[in-house]
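The values are calculated or read from the model by the stated rules, or taken from the named source; none is laboratory data. The model shown is predicted, which means the values in this text are computed figures rather than measured ones. Here Cβ is always computed from backbone atoms with ideal geometry, including for glycine, and neighbour counts include all displayed protein chains.
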Amino acid sequence: MDIVNYLKEHEHKDMLRFLTCGSVDDGKSTLIGRMLYDSKMIFDDQLSAAESESKKYGTTGEKIDMALLVDGLQSEREQGITIDVAYRFFATDNRKFIIADTPGHEQYTRNMVTGASTADVAIILIDARKGILTQTRRHSFIVSLLGIEHVIVAINKIDLIDFSEDTYNQISQEYETLANELGIKNTYYIPLSALNGDNVVNVSLHTPWYSGKPLLSLLDTMDISKEQKAENFRFPVQYVNRPHLDFRGFCGTVASGRVRVGDEITILPSGKSTKVKSIINAGDITEADRSVTATEAYAPMAISITTEDEVDISRGDMIVHTHSLPSVSNNLKVMLVWMDENPMILGRMYDIKRATSVLAGSFEKINYKIDVNTYERMQVEELDFNDIASCRMTLTRPIAADSYHTNRLSGSFIVIDRITNNTVGAGMIVGLSRRDQGSLRKEYTEEERELNAYIRKHFPEWDCKAI
């Protein structure tokens with residue numbers, strides 16, 4: 001086969017990111033190991049190592065312990081649990097996949113949040129013998145909180161209950177009720193045995209009553225285009241490149257949408273507007289005249305933008321289309337997952353990192369904490385390890401505030417302790433706090449845009465907006 005054509009085929013394949021989650025010992029690592037093994041994505045040396053380790057740590061008798069193909073930490077192998085998020089890559093003829101194997105213990109819920117933050121699909125494993133457990137509900141809530149629209153419910157260890165159709169139907173109905181309660185849009189149910197490979201890569205003869213696809217086939221053909229659809233243009237500025245007097249470029253990665261040469265753009269939070277002069281996506285920027293320029297760019301391309309006017313743009317600013325402005329505020333309503341052993345203290349200053357910007361902020365109020373077991377809202381004065389709550393966050397300066405469900409990158413942030421420099425929390429922007437609601441509009445009318453354009457053209461010395 002021509003290696004160049006082979007590489008091109010793989011380069012343009014669709015990418016799907018998914019994670020496995022669920023309670024302890026539900027078989028998450030075993031499922032991924034079986035998927036890699038049956039799809040022939042394991043190298044000989046990895047297989048030999050797994051065979052050797054199975055004799056030492058394995059729990060499957062004479063068989064290869066598939067979980068050892070994923071669990072790489074010594075402590076994970078000794079205890080037979082997943083502690084940290086393990087990422088694996090594999091591909092089929094149709095798609096490329098990135099798998100995040102997340103831990104099931106409540107203690108490591110923060111690691112599960114990390115793995116879920118970039119996923120398109122969540123596979124929630126349920127032990128067919130135990131049904132829906134507390135950690136199943138916890139992980140399902142986090143999946144819905146992070147906006148994952150596609151959830152595959154893998155009812156595992158179906159072989160241990162003699163491939164019972166009644167049990168499968170009962171668990172499916174119970175989870176469907178839970179999914180409706182949480183607002184999960186698309187759910188799929190598969191009876192499988194991760195240990196033996198039933199309905200993982202190949203259809204099982206032991207479940208003639210199941211008419212759906214095996215897991216890998218479902219992942220390979222699932223339509224996630226709605227979640228990947230790019231809408232509003234968002235470009236967080238990462239670096240200002242100024243190699244010589246004749247060139248100033250603003251570098252970064254397009255977070256969403258697309259931009260074209262000549263588009264009218266606004267820099268936030270300053271609100272200054274200009275137009276795109278050029279887009280540079282390759283070549284040596286220090287020799288801009290010889291660089292590879294483009295007429296447009298789209299997510300997730302890494303590019304440099306030059307502007308027609310000399311506008312003050314710095315690292316941490318957000319470049320957007322003038323016709324699709326987000327709200328700009330320093331008072332935000334957020335959902336916060338607290339990840340530190342030390343409690344979150346109201347009013348204390350933390351560093352808030354959102355996209356390419358880092359600024360100081362504090363949490364002024366806890367609106368409510370969510371009991372992930374019952375989904376009830378509780379009034380509390382501080383947040384402890386693994387708590388999830390709705391809070392009001394105040395920043396030292398305004399930022400362009402997209403909601404997380406609108407844009408994952410510009411709508412998410414992490415919280416850093418200013419003394420220890422540890423990441424102590426992760427959050428999602430829900431919207432403006434009540435004090436700012438109604439004071440800002442997302443878009444200008446057509447008449448307002450025309451008036452602004454006229455003023456910028458005929459009265460550039462004003463350097464401001466008319467509206």
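Structure data summary
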| quantity | calculated |
| --- | --- |
| Single residue of L178, L215, L182, L205 found to be in contact with a Phe, Trp or Tyr (Cβ under 8 Å, 6 or more places away or on another chain) and farther than 15 Å from A128 by Cα | L182 |
| Among (1) surrounded by 20 or more Cβ atoms within 10 Å (Cβ to Cβ); (2) modelled with pLDDT under 95 - the single one D284 does not satisfy | (1) |
